[in-house]
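Notes follow once the structure below has been shown.
Read-outs throughout are calculated quantities, based only on the coordinates presented, and are distinct from any laboratory measurement. Keep in mind that this is a model prediction, so the values were computed, not measured. Reconstructed Cβ throughout: ideal geometry from the backbone, glycine too, with neighbour counts over all protein chains shown.
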Amino acid sequence: MCGYERGEGIRFLIGGRRTAKVCGIVLELKLDLSESLALEAKKNGLLEPPAVVRMLRAELRRNRVEQLFAAADRLAAQNLPPLTEAEVEKEIQAARAQRGAGDASRR
């Protein structure tokens with residue numbers, strides 16, 4: 001599993017494949033923080049690479065959820081009539097057929 005390195009600032013490996021040569025991207029972050037914020041963050045372990053990774057993942061997840069709800073709001077704003085049961089079934093069958101055709105071409 002990919003780990004992280006400590007150096008000046010924060011250096012850590014992000015994701016990537018398990019290989020002997022490269023484990024991920026090494027990224028060095030330099031933050032411009034107030035002294036009080038920096039001290040409190042350091043005291044709480046928030047400047048350690050695993051904590052930064054957790055915060056980045058949480059923020060990315062939050063952004064994806066926001067985008068999903070924004071798309072749902074845009075769809076709802078279009079005031080389209082609801083699909084009938086027959087139309088829903090037709091869409092399901094078309095998706096299944098398309099998926100089946102894609103599976104067959106990979107064999």
Charge dipole (region 35-107, unit charges on Cβ, about Cα centre) - positive-most of L80, A41, Q93: A41
Whole-Hz ³J(HN,Hα) from phi, Karplus 6.51 cos²θ - 1.76 cosθ + 1.60, for region 62-77, glycine and proline x: 4, 5, 5, 5, 4, 5, 4, 5, 5, 5, 5, 5, 5, 5, 5, 6
Cut-off under 5 Å, modelled amide H: who pairs with L27 long-range: F12
Cβ-derived FRET efficiency at R0 35 Å, E48 paired with L80, nearest 0.05: 0.10
